[in-house]
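Everything below concerns the one structure shown next.
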Amino acid sequence: MKNILYPLKFEPIYQYRLWGGRKLENLLSKPLPNDEPIGEAWILSDRKDHASKVTEGPLQDYTITQLMKDYPDELMGKLMGRFDRFPLLLKFLDCKEVLSVQVHPSDDQKKYIPDGDTGKTEAWVVLETEKDSLIYAGLTPGTNEQNLREAVQSNKVDEHLHSFIPKKGDGVFIHSGTVHTLQGAVVFEVQENSDVTFRLYDWDRTDAKTGKRRDLQVDEALACIDFNQVNIEPVIPVNKGDKTERLFDNEHFILWRIKSDSSFTVGCINEPRILVCIEGNGKLHHEGNYFSMNKGDVMLLPASVGLCSFHPVNEITLLEIAIPDKKMPATNPQ
């Protein structure tokens, strides 16, 4: 029987954020709405409020939610039954201004996670930087709940945050429980499919859209912080050949970065894979058909698609993401 599923492309979902800018219009082909700051483009999302839609082919306008329900075996392969919804959420972020200082709970902190949601471990790949680019990741040694709570009250939280100046291409792993924020950068983000964020501090600013300060969740944030997560630096890529390096490898996702101007193989037999094009363009070949990928595109390769050949038009930088099929330590082992 002919496979119903094929390589699937999705339409980005734009999100207003007071810290956002307009740079995502240089990355994605879909026009940005209005003139307001757009901080996020959700490029693959299986959320009730924001479900990604297929843009091409016989399944056009199907949501990822419908695909998970109607074609679980073809989509997920040997991972079928492990997840009620697609387990990863993928985004591009345009952080023109600094985000709130925030933390996400871990999967086992059920008290702080709404029913049906999960904790949130995430990772960034830096795509663009500015003169004022800064990533805050982890605390400074010696920070504890008491002195951090006092710092919130005295507007001195940044004194307890480890920071570094990012450069294009950096990979940054943010384990759940890690205090973090960033500014002056465009990044790709892969994360658990969760929208649980606790704001510890928001730089004492007002949202121009509402005229009010955004709510903080100081008690919840402090309860979810892993105070052992200090001095987080960019990961050291692991070379997997002359074209490929692995940036992240943990219990929630594995991510490889492929740079090539000649053909290479992507996908996996009986497992889904996700491709994200961050530079250049090319075509994926599957069952006699070619599927184009341009900068900013995301493509889901259902498990039933298996291995495919990818043919760059020029030098391309492609991210390939896998969902691990077994539990691993969530420490991004290199």
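FYI, it's all coordinate maths here, none of it is from the lab. Note that this is a predicted model, so its numbers are computed, not measured. Positions of Cβ are backbone-derived with ideal geometry, glycine not excepted, and every protein chain shown enters the neighbour counts.
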When each of Lys69/Lys212; Lys30/Lys78; Lys110/Lys209; Lys240/Lys283; Lys23/Lys120 is checked by Cα-Cα distance, pairs over 29 Å: Lys69/Lys212; Lys30/Lys78; Lys110/Lys209
Footprinting exposure proxy for Ser309, Ser304, Ser154 (fewest neighbouring C-beta atoms within 10 Å first): Ser154, Ser309, Ser304
Summing -39500 (n - 2.57) over every DSSP H run of at least 4 in the chain, dividing by its residue total and rounding to the nearest 500, the 222 nm mean residue ellipticity is -2000 deg cm²/dmol
Where in the stretch 206-238 does the amide nitrogen come within less than 15 Å of the point 7 Å from the Cα of Gln153, taken along Cα to Cβ? 218-219
Below 8 Å between Cα atoms, with a sequence gap of 6+, how large is the relative contact order for the stretch 257-311 in percent? 48
A correct fewest-to-most ranking of Val238, Val190, Val103 by other Cβ atoms within 10 Å would be Val238, Val190, Val103
Under a plain spin-label model, where a point goes 7 Å from the Cα along Cα-to-Cβ, how far apart in nm are Asp325 and Gln146? 5.1
With Cα springs under 10 Å, the Gaussian network model of the chain assigns the largest mean-square fluctuation among Gly267, Gly142, Gly77 to Gly142
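Counting Lys +1, Arg +1, Asp -1, Glu -1, what net charge surrounds Glu220 among other residues with beta carbon under 10 Å of its beta carbon? Please report the intermediate quantities before stating the final value.
Details: positive: Lys111, Arg199; negative: Asp219.
Neighbour charge sum, excluding Glu220 itself: +1.
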Ordered by fewest other Cβ atoms within 10 Å, a rough proxy for footprinting exposure, Lys209, Lys78, Lys91 read Lys209, Lys78, Lys91
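Nothing charged except the Cβ atoms of Lys and Arg (+1) and of Asp and Glu (-1): what's the magnitude of the dipole of the stretch 27-149 about its Cα centre? Round to the nearest 20 debye. Walk me through the numbers on the way to the answer.
On the way: 15 positive and 22 negative charges, 68 e Å.
With Lys and Arg at +1 and Asp and Glu at -1, about 320 debye.
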Between Arg47 and residues 5 or more places away or on another chain, which pairs have amide H atoms under 5 Å apart, with H built 1.01 Å from N, and which residues are they? Ser52
Mind pulling up the Rg/Rh value for the stretch 8-224? Radius of gyration and Kirkwood radius, both on Cα. 0.98
Measure out, as a whole number of angstrom, how far apart the alpha-carbon centroids of the stretch 133-157 and the stretch 1-42 sit. 33
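Which FRET efficiency, nearest 0.05, do Trp203 and Lys240 yield, Cβ-Cβ r, R0 56 Å?
Working: r = 40 Å, r/R0 = 0.71.
Taking R0 as 56 Å, the efficiency between Trp203 and Lys240 is 0.90.
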Hydrodynamic radius by Kirkwood for the stretch 143-274, inverse mean 1/r across distinct Cα pairs, in Å, is 17.9
What is the set of long-range amide H partners of Asp297 at a cut-off below 5 Å, with H atoms built 1.01 Å from backbone N? Cys277
